[in-house]
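The structure under discussion appears below in the form of structure tokens.
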Amino acid sequence: MIIESGIIILLGFLFLVAKLRRKTVLYLLGWPLSVDLVGSVLAYVIHFGTFTGVMAAAVAGLMLSACTSIGRWAVGYIENGVYVPGRVIDWSRSITR
């Protein structure tokens, strides 16, 4: 039950990220530790109060960290104003507009 709850929390984060512009997503992926910390703390704050909620938030934080790493590898990131392309998708044409 805890793992399933963590997956549902992670899906909520991913749906929010899907609404952002590509350039914003790439900029956020340039700050992976910050994204992981803010996402984990936000999940802990929202689900604080029960052991199950805190454990689900911990699972979501771990999965968010994995998704951040996979996202940096797959689609790339923007660091110091320079786009580093991913190995799966190259968004260099769409972010220059």
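Nothing in this text is a laboratory measurement; each read-out follows from the coordinates by a stated rule. Values in this document were obtained by computation on a predicted structure and should not be read as measured data. In this analysis, Cβ positions are derived from the backbone assuming ideal geometry, glycine residues included, and neighbour counts consider all displayed protein chains.
Taking the Cβ of G76 as the centre, find all other residues whose Cβ is under 12 Å away and add up their charges (Lys, Arg: +1; Asp, Glu: -1). Intermediate values should be presented prior to the final figure.
On the way: positive: R22, K23, R72, R87; negative: E79, D90.
Residues close to G76 contribute a combined charge of +2.
In this structure the amide hydrogen of G76, modeled in the peptide plane, comes within under 5 Å of the amide hydrogens of G86, R87, none closer than 5 places in sequence on its chain. Computed from label points 7 Å out along Cα-Cβ, the spacing between L37 and I3 is 3.0 nm. When each full DSSP H helix of the chain is screened for a Cα extent of at least 30 Å along its own axis and an average Kyte-Doolittle hydropathy of at least 0.5, the helices passing are 51-75.
Take the Cα coordinates of the chain, assign each an equal point scatterer, and use the Debye formula without solvent to give log10 I(q)/I(0) at q = 0.11, 0.24 Å⁻¹. Once normalised to I(0) and log-transformed, intensities are -0.35, -1.17.
Find the relative contact order for the chain and round it to a whole percent, using C-alpha pairs within less than 8 Å whose residues are 6+ positions apart. The partial results should precede the final answer.
Values: 112 pairs, mean separation 31.0, N = 97.
Relative contact order here is 32 percent.
Magnitude of the charge dipole for the chain, about its Cα centre and with charges confined to Cβ atoms of Lys, Arg (+1) and Asp, Glu (-1), is about 500 debye. Across segment 87-92, computed HN-Hα scalar couplings (Karplus, 6.51 cos²θ - 1.76 cosθ + 1.60, θ = phi - 60°) run 8, 9, 10, 10, 9, 4 Hz from first to last residue, x flagging Gly and Pro.
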